[in-house]
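Novice: One structure follows; several queries about it will come next.
The values are calculated or read from the model by the stated rules, or taken from the named source; none is laboratory data. Here the structure is a predicted model, which means the values were calculated and not measured. Cβ coordinates were reconstructed from backbone atoms using ideal geometry, including for glycine residues, and neighbour counts include every protein chain displayed. The accessibility values were calculated without ligands, DNA or RNA, using every heavy atom of the protein model including side chains. Shrake-Rupley method; radii C 1.70, N 1.55, O 1.52, S 1.80 Å.
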Amino acid sequence: MSANPANGHLAWRPRALRWSYRLKVPLMLVAVALVSGVAVAAATYALIERYVETNAIAQSQRLAGTLANSLGQAVLRNDVWRAFEIVRAPSLARTAEAAAPRVVVVDASGQVFVSLEPGVLPIGTPRERMPEPLAAAVGWILAPQPPEATYLLDDEASASWVTAARITGEDDALIGGVIVQQERGLSRAQTGAIVRQLALFGALAVFAVAVAGWIGGRRMIRPLERLRDAMRRAADRDVRGEVSSVSGRNDEVGDLGTAFLAMLREIDAKRELEREMLQAERMASIGRLTAGIAHEVNNPLGGMLTAIQNRRMRGGMDEATERTLALLERGVEQIHSTVGALLNEARSELQELREEDLHDLFLLVHPEAEHRGCALEWRVAVPAGSRLPSVQVRQVMLNLALNAIAAAAPGGRVSVRSRETRSAWHVAVANTGAVLDPGRLDELLQGRAQTDGGRLGLGLWITARLLHTLGGTLGLEPPPEPFVTELVASFPLRRT
């Protein structure tokens, strides 16, 4: 429906009928089969008619010659009845469908001696009263020296062939002649029989070809349908497997599938580039935020470290106070080093991981586990003969342990275990309670997931970034019973 701006009325425009290729191709093949069947039938009919016409001419000439040889004695004895029987005998042997020829026997004077149509050409009819084709044949018979050995006339007016043969005696004296007039081509009865047979066999052939064309057309169009369906579903899921079955074809449809796969790869590359650009923009924003916070954090940290050193310089501390100050000093230095690691400023001041660091980490984590009512299993040992940065390792382990305690909920269990291989030191943190699936982990590692309070959860993102700077990895592994989630942080080892 469309609006007419001249009069403000809506003019109805019928929607064009949509013809799908799954209908077009089979119907086109059926139409081609039908046209081909009609063309073959027409050509066959024309060939049959030409063959029948040529055969009719030869039969007419043979009939005229045979009758001329058989009628000599009857014409000499003026035996009209005998001559009539001889002339009528060939017509009795013909079938009902075949058109009977007109046979006329003339004497030496050119008058009708015997005719199969006595009502039209009675005995004694002179040449002048005969139809023009028969009169011309009589002229050829009576000619002293005929120009041709055989006589054949194509009469357009009567659509017939006229042949003639001379009747001669023993001394080649002219006795008379035989004239045979045969309709050109097929008779109506013969035409009807041929047309019926051609129509029957043609219809069967066209039907068989049409069915084969329809089936073949459907098979030809099926790859296009698969490609169309894959294009429709490309926005919702990965359709490369479906398109690959089409792109493997060695034809234009295969080229189209290959082009579509290339387009999908380009779209994926564009999406990946956009994701990387968003990630880079997020990282830049967090970096600017961290740089601003670092200045505000480092100033009070410096004051705290100065206060600890002043307290030590005054002396008079017991063992418990010394341990407490050492723990506070390591904790403040860890905070300072963590901020520096995020800013990529602490790479040249790496401190090696020691057993005291892991013990301090346990002292920090254990109170949180008791506060939440969780059972904490701690089986961690520093790898022998290797150098690992203390600050980054402690920060990674602290984040993973606190996340596991939060996920385990009251009454749950948390396990922190380490194992050493030839090339890496693995720390596995497992918990009961909430299950962490790979999709959620991917969102957390990219900093896109939100906490229950609607804030971005950056703990695992920071953990992954710290591991990335060390060349390590973080991933999910099947947990042992009774745990439901196990995160494994792998630190590459540099042997000393």
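Novice: Go through (1) assigned to a helix (DSSP H, G or I); (2) on the phi > 0 side of the Ramachandran plot; (3) of a type outside the set (Asp, Glu) and name the single condition ASN298 misses.
Specialist: Failing condition for ASN298: (2).
Condition check ((1) loosely packed, with under 15 Cβ neighbours inside 10 Å; (2) of a type in the set (Gly, Ala, Ser); (3) not in a helix (DSSP H, G or I)) across all residues:
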{"site": "ASP154", "(1), (2), (3)": "yes, no, yes"}
{"site": "ARG166", "(1), (2), (3)": "no, no, yes"}
{"site": "MET220", "(1), (2), (3)": "no, no, no"}
{"site": "ASP236", "(1), (2), (3)": "yes, no, yes"}
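Novice: Can you tell me which residue among ARG240, ARG184 is open to solvent by 40 Å² or more (accessible area, probe 1.4 Å), at pLDDT below 80 and either of a type in the set (Ser, Thr, Tyr) or touching a Leu at 6+ places or on another chain (Cβ under 7 Å) (or both)?
Specialist: Every option except ARG240 fails the conditions.
Novice: One residue is enough: does the stretch 80-98 have a residue meeting the conditions in a loop (DSSP other than H, G, I, E, B), surrounded by 14 or more Cβ atoms within 10 Å (Cβ to Cβ) and at pLDDT 85 or above?
Specialist: no
Novice: Across the stretch 357-392, what is the number of residues that are over 20 Å from ARG330 (Cβ atoms) and touching a His at 6+ places or on another chain (Cβ under 9 Å)?
Specialist: Number of matching residues: 1.
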